[in-house]
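The values are calculated or read from the model by the stated rules, or taken from the named source; none is laboratory data. Since this is a predicted model, take the numbers as computed values, not measurements. Cβ coordinates were reconstructed from backbone atoms using ideal geometry, including for glycine residues, and neighbour counts include every protein chain displayed. Keep in mind that these areas ignore ligands, DNA and RNA; they rest on the heavy atoms of the full protein, side chains included. Shrake-Rupley method; radii C 1.70, N 1.55, O 1.52, S 1.80 Å.
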Amino acid sequence: MHLFYTNNLDSDLVELPKEEAVHCTRVLRLQAGNEIGLTDGLGQMCRAEIVSADSKSCLVRIAERHSHFQQRNYRLHVAVAPTKNTARMEWFLEKAVEIGIDELTPIVCQHSERSFLKTDRLEKIAVSAMKQSLKAYKPIINEPTKITEFLRQNVDGQKFIAYCDGDQRISLKQACTPSGNVTVLIGPEGDFSKEEIELAFAADYRPITLGTSRLRTETAALATCFFVNFINE
């Protein structure tokens, strides 16, 4: 079943957003009578039937609703330094949505290679990945934030910082416990500075490692998503 995204599921008759309607009718060539799925990205998953369709619009009728569809009992927030090549960051987000991520915050660090990202572009990638993987929750994508500001935020649950060197670190799979909220900091290619690590410690972030290999930023962030989801299986 093809899944489409709309932020308006208040009534049983729904007009698909223009971009979704074009994809439905012109790309996929779906017609009246075909069944599709709808989600608002907030946990609602619906089965619907196309009532009318042309090259620019598509009206559907909802036949079945499911609230909190496949809702998990934990929440993952990854705060990661943007990569110099934006395509690598976009690749990470796409795969992270497929695996499972609830919130993404690009953090600007002392060694960051990039401080600006087009979050509207990331939103589109997140929606596409959500639909492709048949999920009903779209992750929150925040604007880039200085790490010093991020560390001043009140964050609930388990908090970890992943970096390259240090005897205090333990593996994420040992440190993380199932259920609840998890926030993980992933630094830039040049790693976190000593000052940033100390600030994270002061904010009660625990030091972790993702293994013996030195990983690229986007690989480390994706490994984090895998570990946390695997631990919660």
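General remarks:
- Proportion of all alpha-carbon pairs of the stretch 44-111 beyond 20 Å (%): 56 percent
- Using the rule -39500 (n - 2.57) for each DSSP H run of four or more residues, divided by the residues of the chain, the 222 nm mean residue ellipticity is -8000 deg cm²/dmol.
- If both residues of a DSSP beta bridge must be in the chain, then about 40% of such bridges are antiparallel.
- Carbon + sulfur, % of accessible area of the stretch 129-215 - ligands and nucleic acids excluded, 1.4 Å: 46 percent
- Among the chymotrypsin sites (Phe, Trp or Tyr not before Pro) in the stretch 8-107, none sits in a DSSP loop with a Cβ that has at most 10 other Cβ atoms within 10 Å.
- Loop trypsin sites (Lys or Arg not before Pro), the stretch 179-233, which have at most 15 other Cβ atoms in a 10 Å radius of their Cβ (DSSP): 214, 216
- In the context of the full set of protein chains, residues of the chain present 52 Å² of accessible surface per residue (probe radius 1.4 Å, heavy atoms only).
- Kirkwood Rh and Cα Rg combined as Rg over Rh, evaluated for the chain: 1.05
- For residue 74, the residues 5 or more places off, or on other chains, whose built amide H falls under 5 Å of its own are 180.
- A DSSP coil position with no more than 11 other Cβ atoms inside 10 Å describes the following trypsin sites (Lys or Arg not before Pro) in the stretch 6-62: 29, 56.
- Most to least packed among 4-10, 102-108 [average Cβ atoms within 10 Å]: 102-108, 4-10
- Computed log10 I(q)/I(0) for the stretch 114-221 at 0.12, 0.16, 0.22 Å⁻¹: -0.49, -0.88, -1.36, from the Debye equation with unit scatterers placed on every C-alpha and solvent omitted.
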